[in-house]
Amino acid sequence: MAAAGSAVGLGNVWGFPTKTASNGGAAFLVIYLIMVFLLAFPMLVAELTIGRHGQSNPVASLRSIWTRNRVGATFFGLIAMVTASLLLSFYSIIAGWLIGFSAAPTFEVLGMNNVSDWLVSFGDTRNVVLAVIFSLLTIYVVKNGVADGIEKWSTRLMPMLFVLFAVMIAYIFTQDGAIDGLKMYLIPDVSHITAPLLVDALGQAFFSLSLGVGSMIAYGSYLKKDVNIPKTAAQVAAIDTGVAFGAGLLILPAMFVAKHNGVQIFNDAGELISSSDLVFQVLPSMFDTMGGAGIIIGTAFFVLMVIAALTSSISLLEVPVSCAQDELNMTRGKATWLIGGLITVTSIIISLNFGALFNFVATFTTVYMQPLLGAVWAVFVGWIWHRNNLLNEIKQGNPDIEQGLFWKIWPWYVRLVCPIAIVMVFLFSIL
Ligand code: TRP
């Protein structure tokens, strides 16, 4: 559940619908599902396996595999740590917006309209203040240790989020215009399948399943030896993909309903106008049409989303913190404040230079670093790890696996197909 909590977050509700809408809808959905199944899921198994084998922080877990080149393993671990930190620094900004949207309706009801307007309008001060609040929440949870608290939170709140989604989806289809969104979402137009779409879909799949930067290696280290890793990974991937699919089913129709209600969503050339805050225009416009119920449902939705973002952000901060704690012998409190503080400062710098830095950092980390690091872990698992040791690790908790198809395919698949396919998609992106 903690790993599912890490996977389900802004990537599902903000990243996936935005990317789907700007890449032509159904074509993106189809390629995304293929990428999740063919590349992200096998890599999720790989990362959880590395972590469970190492039973330690991501850097140490990598060293437990590349025992002959500890410096090399540490080097890649450090790159993952820096990438996780950068990811978190831009993630906190968007998560901060969620805080703004969850608090705004209350201020509006209290008649404090300028506060509620400030909370939901793009601006440097708002972006900084809310990002700092979200960072402090993340620091607070990580400082107190990830393993116990979060699992409880995730188990209780995730079902609530599902129910709310179902209510909102049912509602949106009572509105005019929703069917156009549904058509865009579900009827594929193959002419949209281009190289940039493939790159976006792979990046999105890796982002959504929290791959590449060591989050899942860290969470794998908490798994007991009797846990069936392929099954756990399949459950995490299924929950995560289900939530993303549901978010698309809500937001694409909601886009067209908003358009019908006069919100500008597309420009004259038919392109989406603003992508990074698309969801933040479309959803509030939907809650507005619900009257009084919209205030309650809107607040509940954004509060649950803040928590979903929090169960993701802690898995990012956990990577550098657990490494610093073990490798530099710091206390957990000190490591969390120091690294969390540095990341918060980075968030502030990005907020204050939003136009120049936000997309740059987001693209650099998600489109380039995540898949590349994924390819590196595939090489760790497929080429560096002694095959018998790898198979023994997978077999624990799953003694019958030797009879199954997974066993016959996965080891060579991670060895050959994963690294080559990831690097090919990556080359697409730079050519
Ligand atoms: N997967 C999370 C989301 O969809 C974000 C996230 C958490 C993440 N840990 C990660 C993304 C590690 C990339 C790498 O919102």
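Before moving on, here are some points about what is shown:
- Charge dipole magnitude, Cβ of K and R +1, D and E -1 - region 7-138, Cα centre, debye nearest 20: 660
- Spatially near lysine pairs across the chain, Cα under 16 Å, sequence gap of 8 or more or different chains: 7
- Summarising the amide proton neighbourhood of Phe266: residues at separation of 5 or more, or on other chains, whose placed amide H is nearer than 5 Å comprise Ile273.
- log10 of Debye I(q)/I(0), alpha-carbon scatterers only, for region 43-92 at 0.14, 0.17, 0.30, 0.32 Å⁻¹: -0.38, -0.53, -1.06, -1.10
- Here the contact order of the chain, divided by its residue count and restricted to Cα pairs under 8 Å and six or more residues apart, works out to 34 percent.
- Between helix 147-172 and the chain there is an angle of about 40 degrees, using the helix long axis and the longest principal axis of the Cα atoms.
- Among 262-268, 415-421, sorting by the average number of other beta carbon atoms lying within 10 angstrom of each residue, highest first, gives 415-421, 262-268.
- Couplings for region 420-431, taken from phi via the Karplus curve 6.51 cos²θ - 1.76 cosθ + 1.60 with θ = phi - 60°, read 5, 5, 4, 5, 5, 4, 4, 4, 3, 5, 8, 7 Hz in order; Gly and Pro are left as x.
- The alpha-carbon atoms of the chain, seen along their principal axes, cover 63, 50, 41 angstrom, with the largest extent given first.
- The chain - accessible surface per residue (Å², probe 1.4 Å): 40
- Projected label distance in nm at Lys231 and Thr194, using a 7 Å step from Cα toward the beta-carbon: 4.5
- With all protein chains modelled, accessible area of Leu186 [1.4 Å, Å²]: 80
- Across region 77-114, the residues whose backbone nitrogen lies under 20 Å from the label position 7 Å along the beta-carbon direction of Phe364 are 77-95.
- Given a 1.4 Å probe and the protein chains as shown, Val345 ends up with an accessible area of around 80 Å².
- Förster radius 25 Å - calculated FRET efficiency between Leu405 and Leu33 (Cβ-Cβ, nearest 0.05): 0.80
- Val163, Val30, Val425, reordered so the largest accessible area comes first (probe 1.4 Å): Val163, Val30, Val425
- Residue separation of Leu78 and Asp117 scaled by 0.36 nm, minus their Cα-Cα distance, works out to 9.9 nm of gained length.
- Net charge dipole size for the chain [Lys, Arg +1 and Asp, Glu -1 on Cβ; Debye, nearest 20]: 1340
- For Lys225, solvent-accessible area (1.4 Å; no DNA, RNA or ligand), Å²: 80
- Here the Karplus relation 6.51 cos²θ - 1.76 cosθ + 1.60, evaluated at θ = phi - 60°, turns the backbone of region 106-112 into coupling constants of 4, 5, 5, 4, 6, x, 8 Hz, with x for every Gly and Pro.
- Entry note, the chain: the mean residue ellipticity at 222 nm calculated from DSSP H runs of n ≥ 4, each adding -39500 (n - 2.57), is -24000 deg cm²/dmol after division by the residues and rounding to the nearest 500.
- Point-to-point label distance, Asn69-Val423, nm (Cα→Cβ direction, 7 Å offset): 1.3
- Carbon plus sulfur fraction of accessible area for the chain, probe 1.4 Å, in percent: 66
- Estimated vicinal HN-Hα couplings, Hz - region 371-383 in sequence order (Karplus 6.51, -1.76, 1.60; Gly, Pro = x): x, 5, 5, x, 5, 5, 5, 4, 5, 4, 6, x, 10
- R0 of 25 Å, Cβ-Cβ distance Ala238-Ile187: FRET efficiency to nearest 0.05: 0.55
- Gyration tensor verdict on region 108-179 (Cα atoms; rounded if a/c is under 1.5, prolate if a/b is larger than b/c, oblate otherwise): oblate
The values are calculated or read from the model by the stated rules, or taken from the named source; none is laboratory data. All values reported here derive from a predicted model rather than from experimental measurement. Glycine also receives a Cβ, built like all others from the backbone with ideal geometry; neighbour counts cover every protein chain displayed. Calculation scope for accessible area: heavy atoms of the full protein, side chains included, ligands and nucleic acids excluded. Shrake-Rupley method; radii C 1.70, N 1.55, O 1.52, S 1.80 Å.
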